[in-house]
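Right, one structure below, let's go through it.
The values are calculated or read from the model by the stated rules, or taken from the named source; none is laboratory data. Note that the structure is a prediction, hence the values are computed from the model and not measured. Quick reminder, even Gly has a Cβ in these numbers, built from the backbone with ideal geometry, and neighbours come from all protein chains shown. Note: accessible area is taken over every heavy atom of the protein model, side chains too, but ligands, DNA and RNA are not part of it. Shrake-Rupley method; radii C 1.70, N 1.55, O 1.52, S 1.80 Å.
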Amino acid sequence: MDRPGPHPTARAAGPASPATQAVRAAVALSAPLAAGLALHHPEYGALASLGGLFGALAATAPARRTRLRTVTACLLLGAAGTALGGLLAGRGWTAFGVLTALALLSGMLSARGRAASLAGLMLLLNAVLAAGVPPSTAPWWLPPLLIAGGGLLVLLLCAPTGLPRPRSRGARTGALAPARPTAPGGPTAPAQPAGGPTAPARPAGGAAPDRRTGAFLRSPAPWCYGLRLALCVGLAEALVVLMPYERAYWVPVTVVFVLKPDLGSVFSRALLRAAGTAAGLLAAVAVFAAVPRGWPEVPVLMLLGALLPVLSRRGYGFQTAAITPVILLLSDLGNLEGTELAGQLMADSLIGCALALIVGHALWPGARRTARNAPAAGVGVGPARPVTEPIG
């Protein structure tokens, strides 16, 4: 009997096409801002667009189910980070201590796989951003709700467009139990299904996950990643407290992006981030000079969103050049500082890159030895690889 073919909808669960990713990112960045402008609250639309940006960065896994899980985890932890950071805004050394501990957790999650690493990144990144911006008059629960709303839009855009058609019982049986010969030249019989008499018994009471968690906590690698990130984020947050101007949060933000151990070599990422930030700021300054504030910025964000997945495939520097003008445009909607904000952001980025290079690379034991073989990947770009040794 012929073996049944693949499920009719199996092809739909593969990786999204470049055009689909471009449309998804364009809608995720521009639609929330348009809604905020229509409601006469552009600052709220900017927050939701920021959540859409983070969701679009997370929605790059080849399999649809993995994309949905990753975006959901990033949505929830990103909103939690925003809520925590909002409560820490303006609290100086208290924020320093809490965010340093959060960096330890985020760094350790880098060893748990791609989804956990991205979720930990969004938790820390949103907390740093929310704690660094000037305190808002909005209720504490509104910013995390808006961030989650932007991520939810990406989640809806990633959802399947139709329901799979049910297969017959014979097709399911054939797919789960392929035929195998019982004797040379004899008839065939279905293979024993997994979980049958010959399958080993599954441990009861969740013993296997408990053992995996215990082994993870006893392993030195997660602690190494976490301590390095916590040290550098702590130093960056100390600079935020001591700096005499607002919006110094871009120093720890830069450290977070450069030092995440599963994202590639620290040395190359620091150089690429500095170059990409400079290119992105030049683009943002050109937009400030040529595009009026308000509704004309919506098509600009739509264009930048469409370019984001295209440029991300070309490397981390290109991805940074695409993300930087988006962050600057969204940040400027609430304060209208324009080119002054661009200059401060560039200075903070250079400080963050220098801090990551000196403390997290040059002075960290073993970092330079393992940096030679570490690829420089973009955030959420390309397949994840297991982290088994210190990188970068």
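Set the Cα radius of gyration of the range 24-98 against 2.2 N^0.38 Å, with N its number of residues, and you get 1.31. Rolling a 1.4 angstrom probe over the protein heavy atoms with all chains in place gives the range 241-336 an accessible area of 37 Å² per residue. Across all directions, the average projected area of the convex hull around the alpha carbons of the range 266-316 is 3.9 nm².
Cα extents for the range 224-308 along the principal axes, largest to smallest and rounded to whole angstrom: 46, 32, 18.
Descending by average beta-carbon neighbour count within 10 Å, the peptides 275-285, 129-139 line up as 275-285, 129-139, the highest first.
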